[in-house]
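Following: one structure in structure tokens, then a few remarks.
The values are calculated or read from the model by the stated rules, or taken from the named source; none is laboratory data. In this text the structure is predicted, and so the values were computed from the model without any measurement. Virtual Cβ from ideal backbone geometry, glycine too; neighbours counted across all protein chains shown. We work out accessible area using only protein heavy atoms, side chains counted, and drop any ligands, DNA or RNA first. Shrake-Rupley method; radii C 1.70, N 1.55, O 1.52, S 1.80 Å.
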Amino acid sequence: MHRRVFLQNTLILASTALLKTEWLWANSNPVFELPALPYPYEALEPHFDTQTMQIHHSKHHGTYVKNLNEAIAGTKFEKMSLEDILANLTEKDTKVRNNAGGHYNHSLFWKILTPKQNSTQPTGKLAEAINQQFGNFEKFKEAFSEKAKSLFGSGWTWLAYEKKRGFFLENTPNQDNLLMKKIYKTPVKIIFGLDVWEHAYYLKYQNRRADYIQAFWNVINWDEVSKNYEQALQSK
Ligand code: MN
């Protein structure tokens, strides 16, 4: 064998090996990971019980993450951020839709909960804006709670914000959210949301969704919600 041909063959073999390694690496390395809870499982007692939090985070959310990684492997979604996946998926992308939504919604949900409320209601700019649009905090609380009670089946209740409309309340089914632009056709920001799936409350509250919604107000992290509002104001 000529030296040049030998070198060429070696190069081809080496690059094939590299490609294979890269392929294996890409497929065995999960793109998305289950984020750690920012507090222990028992931290939200007695409002949200330990066992529910444990199963909800490690099993339900964990499964959305696992299924999301499976659903995007080898597709155009593989290299996108979670926000871009949500913005670009269509009604045909059922598995991506359910699991990207599930991952986003739960990641947001854990962050807007806290065992140590600095305040039992919003303060600052957020409070002003809520008062202006809903009258006062009690009226807002009632409107949000009614919206959540009215959701049929499984889904989420959102406080969303749009430059033109200001705040609005919306329910979405399953693991959908309003960042799914090709489905909901509206450029909105999510300020906070409530998981209204039975898996979020059945162990402690059984069929008493209203009691679960009532408990939610005791564990909202208003500092975090305010941050989401500030970001929404600053965005285009
Ligand atoms: Mn859930």
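Select, from Phe167, Phe192, the only residue that is of a type in the set (A, V, I, L, M, F, W, C), surrounded by 14 or more Cβ atoms within 10 Å (Cβ to Cβ) and more than 16 Å from the chain's Cα centre (by Cα).
Phe167
Scan the stretch 30-43 residue by residue and report those that are within 16 Å of the ligand (Cβ to nearest atom) and surrounded by fewer than 17 Cβ atoms within 10 Å (Cβ to Cβ).
Across the stretch 30-43, the qualifying residue is only Pro35.
Does any residue in the stretch 101-112 that is among the β-branched types (Val, Ile, Thr) come within less than 8 Å, Cβ to Cβ, of a residue that is within 11 Å of the ligand (Cβ to nearest atom) and open to solvent by 10 Å² or more (accessible area, probe 1.4 Å) six or more places away or on a different chain, and which pairs are these?
none
From the list Gly155, Gly166, exactly one residue is more than 30 Å from Glu45 (Cβ to Cβ) and among the small types (Gly, Ala, Ser). Which is it?
Gly166
Within the stretch 43-66, can one find any residue that is assigned to a helix (DSSP H, G or I) and over 19 Å from Glu198 (Cβ atoms)?
yes
Any residue in the stretch 153-163 that is surrounded by fewer than 19 Cβ atoms within 10 Å (Cβ to Cβ) and closer than 20 Å to Thr94 by Cβ?
Scanning the stretch 153-163, I find at least one residue that is surrounded by fewer than 19 Cβ atoms within 10 Å (Cβ to Cβ) and closer than 20 Å to Thr94 by Cβ, so the answer is yes.
Answer yes or no as to whether Trp110 is within 16 Å of the ligand (Cβ to nearest atom) and part of a strand (DSSP E or B).
The answer is no for Trp110.
Filter the stretch 206-220 for residues that are away from the ligand (no atom under 14 Å from the Cβ), over 19 Å from the mean Cα position of the chain (by Cα) and not in a loop (DSSP other than H, G, I, E, B) and give the result.
Ala210, Asp211, Gln214, Ala215
Among the listed residues Gln133, Gln121, which satisfies the condition of being part of a loop (DSSP other than H, G, I, E, B), more than 19 Å from Leu178 (Cα to Cα) and away from the ligand (no atom under 16 Å from the Cβ)?
After applying the criteria, what remains is Gln121.
Taking Lys66, is it within 16 Å of the ligand (Cβ to nearest atom), of a type in the set (Lys, Arg) and open to solvent by 30 Å² or more (accessible area, probe 1.4 Å)?
yes
Is one or more of the residues making up the stretch 85-100 open to solvent by 40 Å² or more (accessible area, probe 1.4 Å), over 20 Å from the mean Cα position of the chain (by Cα), in contact (Cβ under 8 Å) with a residue 12 or more places away in the chain and within 16 Å of the ligand (Cβ to nearest atom)?
No, that holds for no residue.
Of the residues that make up the stretch 44-56, is at least one buried (at least 18 other Cβ atoms within 10 Å of the Cβ), touching a Phe, Trp or Tyr at 6+ places or on another chain (Cβ under 8 Å) and more than 16 Å from Ile220 (Cβ to Cβ)?
Yes, because at least one residue in the stretch 44-56 is buried (at least 18 other Cβ atoms within 10 Å of the Cβ), touching a Phe, Trp or Tyr at 6+ places or on another chain (Cβ under 8 Å) and more than 16 Å from Ile220 (Cβ to Cβ).
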